[in-house]
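The values are calculated or read from the model by the stated rules, or taken from the named source; none is laboratory data. Keep in mind it's a predicted model, so treat the numbers as computed, not measured. So basically every Cβ, Gly included, is an ideal-geometry build from the backbone, and we count neighbours across all protein chains shown.
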Amino acid sequence: MASDTDTIHSPSRGTLGFPRGERGPVAAASDAGASARPAARERTTRQFQAVRDELARRDDFRSAQDIHAAMRQGGASVGLATVYRALQSLVESGSADVLRTDAGEAVYRQCGETHHHHLVCRSCGKAVEVEGPAVERWTAEVADKHGFSEVSHTVELFGTCADCRRRSR
């Protein structure tokens, strides 16, 4: 049986395939500054909203297990599978960012409204959304030079935040 989609998600490379006939969820290089949100439908159940609220409580990247544990500790009755489904829906809609740790674990955080990149602390997971106009220009130039269009990209910078640097002294 043929599938209606050819989708492969890679946190380090964005979406590598798309539903047939549709544009991918990440804004093209020529759309720099435009919203990167796709037209995906988000779930609106009480549990889904609880996951969204927990994700919004902090700015750092956290695993589904950490989010689930925080929710349970706060008294929410939600299963880990539900947390995973909600996070996947939030990622697909552009409302959450997902990265892979060095150990291969997916970690999530609430996403900003426009196309952006991340500066992430290796020690504590704190993340800052940053703009990269030079990256956007370079991406457009490289794509144009090689005859590509609708190019998407992901830039993730890793380092040690000021708080962790102070603590290590």
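Failed condition for VAL155, given (1) within 30 Å of GLN49 (Cβ to Cβ); (2) modelled with pLDDT under 90; (3) among the hydrophobic types (A, V, I, L, M, F, W, C), with all others met?
Single failed check for VAL155: (1).
Any idea which of SER123, SER63 is among the small types (Gly, Ala, Ser), closer than 26 Å to ARG165 by Cβ and more than 17 Å from the chain's Cα centre (by Cα)? Outline the logic, then answer.
Details: SER63 fails: more than 17 Å from the chain's Cα centre (by Cα).
Going through SER123, SER63 in turn, just one is among the small types (Gly, Ala, Ser), closer than 26 Å to ARG165 by Cβ and more than 17 Å from the chain's Cα centre (by Cα): SER123.
State which residue pairs qualify: first residue in contact (Cβ under 8 Å) with a residue 40 or more places away in the chain and inside the stretch 128-157, second residue in a loop (DSSP other than H, G, I, E, B) and among the β-branched types (Val, Ile, Thr) in any location, beta carbons under 7 Å apart, and separation of 6 or more residues or different chains.
Correct list of pairs: THR139/VAL151; ALA143/VAL151; SER152/VAL26.
Tell me which of these ARG100 doesn't satisfy, since it passes every other one: (1) in contact (Cβ under 8 Å) with a residue 60 or more places away in the chain; (2) crowded, with 19+ Cβ neighbours inside 10 Å; (3) more than 22 Å from ARG165 (Cα to Cα).
Among (1) in contact (Cβ under 8 Å) with a residue 60 or more places away in the chain; (2) crowded, with 19+ Cβ neighbours inside 10 Å; (3) more than 22 Å from ARG165 (Cα to Cα), the lone unmet condition for ARG100 is (2).
Quick one: which of GLY125, GLY112 is closer than 28 Å to ASP66 by Cα, without any contact (Cβ under 8 Å) to a residue 24 or more places away in the chain and in contact with a strand residue (DSSP E or B) (Cβ under 9 Å, 6 or more places away or on another chain)? Can you show your working first?
Details: GLY125 fails: without any contact (Cβ under 8 Å) to a residue 24 or more places away in the chain.
Residue meeting the stated conditions: GLY112.
Quick one: in the stretch 121-169, of everything that is in contact with a Lys or Arg (Cβ under 6 Å, 6 or more places away or on another chain) and not in a loop (DSSP other than H, G, I, E, B), which residue is nearest to TYR108 (Cα to Cα)?
In this case the residue turns out to be ALA127.
Could you list, in sequence order, the residues of the stretch 64-83 that are surrounded by fewer than 17 Cβ atoms within 10 Å (Cβ to Cβ) and of a type in the set (Ser, Thr, Tyr)?
SER77
Would you be able to tell me the number of residues in the stretch 52-75 that are assigned to a helix (DSSP H, G or I), of a type in the set (A, V, I, L, M, F, W, C) and modelled with pLDDT under 95?
The number of residues fulfilling the criteria is 2.
Any idea which residue in the stretch 76-108 is modelled with the lowest pLDDT, counting only those that are outside any helix (DSSP H, G or I) and of a type in the set (S, T, N, Q)?
Narrowing the stretch 76-108 to residues outside any helix (DSSP H, G or I): 76-79, 94-108.
Add one more test, that the residue is of a type in the set (S, T, N, Q), and what stays is 77, 95, 101.
On the way: SER77: 88, SER95: 87, THR101: 80.
Once the filter is applied, the top-ranked residue is THR101.
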